[in-house]
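For reference, the structure is listed below as structure tokens.
What follows draws every value from the coordinates through simple rules; no lab data is involved. What you are looking at is a predicted structure, and each value in this text was computed from that prediction instead of being measured. With ideal geometry, Cβ positions are generated from the backbone for all residues, glycine too; neighbour counts draw on all protein chains shown.
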Amino acid sequence: MAETQRHEYLNTMAEIILARPTATAKQLATALGFSQERSVYYWLRKAGFDGLKEFRTAVLTGEYRVAVTSIGGPVTVRASYVAELPLLAAEDAGEGETVGYVITTRAVSREAFALTVESDEYRPMVEEGDILLIDPDEPPEDGDLAMVRRGAEPPALCRVYMKPRRWYVHPVTGKPLAAYNDTRGAGVRLLGRVVGLQRSF
């Protein structure tokens, strides 16, 4: 029982640290329902860690493998990198409320987020219901897929060309997106490069 409890406590702490790397012992104690911070250090010592700093480093470097829960029970994650991205509503892309979370094993920045495609406009490349992973900190190169937004309009998927000036084209047809190009990009915001796609069948 104690071993299972220790595993659950450490796994919860690891998940919190992955989501908020600067989480304090007080915050971890509150999340775990402990009345005192020393309970956090007690379970860390039971697991062989000298303190929170050592455990944090182990989690962020992948030395400590975070376990996830499946139908069959806890499963140890063997991927060298795991990130949880906020899933945003399309109309709030890049700045709205989180409506869910998406797990990826791709290395992304802390600013990365996910969007659900709500149109069949990009078939057969991208289908309605697909989830796109977008990283604002990864600068796109010529021909890369990116998510852009003009004013308060819903975001659009496009291929972007950076030189000699930024140029947006439809990702499937290759036709220039006139509304985005005619004003030489005025009022058009590059939300980020598309770095991944997740599809459910």
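Values as computed for the structure displayed
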{"quantity": "Net lengthening on full extension, residue 46/residue 63 (0.36 nm per residue, minus Cα-Cα)", "calculated": "4.4 nm"}
{"quantity": "Highest-first arrangement of 136-142, 81-87, where packing means the average Cβ count within 10 Å", "calculated": "81-87, 136-142"}
{"quantity": "Label-point separation in nm, residue 109 to residue 5, each point 7 Å along Cα→Cβ", "calculated": "4.4 nm"}
{"quantity": "Protection-proxy order for peptides 102-115, 44-57, each taking the mean of Cβ atoms within 10 Å per residue, highest first", "calculated": "102-115, 44-57"}
{"quantity": "Extended-chain gain in nm, criterion 0.36 nm per residue less alpha-carbon gap, residue 118 and residue 12", "calculated": "34.8 nm"}
{"quantity": "Label-point separation, residue 30 to residue 81 (7 Å along Cα→Cβ), nm", "calculated": "3.1 nm"}
{"quantity": "Extension gain (nm, one decimal) between residue 189 and residue 37, 0.36 nm per residue minus Cα-Cα", "calculated": "50.3 nm"}
{"quantity": "Amide H within-cut-off set for residue 130, under 5 Å, with H built and near neighbours excluded", "calculated": "117"}
{"quantity": "Paramagnetic label zone (point 7 Å from Cα along Cα-to-C-beta, residue 54; backbone N under 14 Å) in the range 20-42", "calculated": "41-42"}
{"quantity": "Proximal lysines relative to residue 163, as straight alpha-carbon distance under 18 Å, when same-chain residues fewer than 8 apart are discounted", "calculated": "175"}
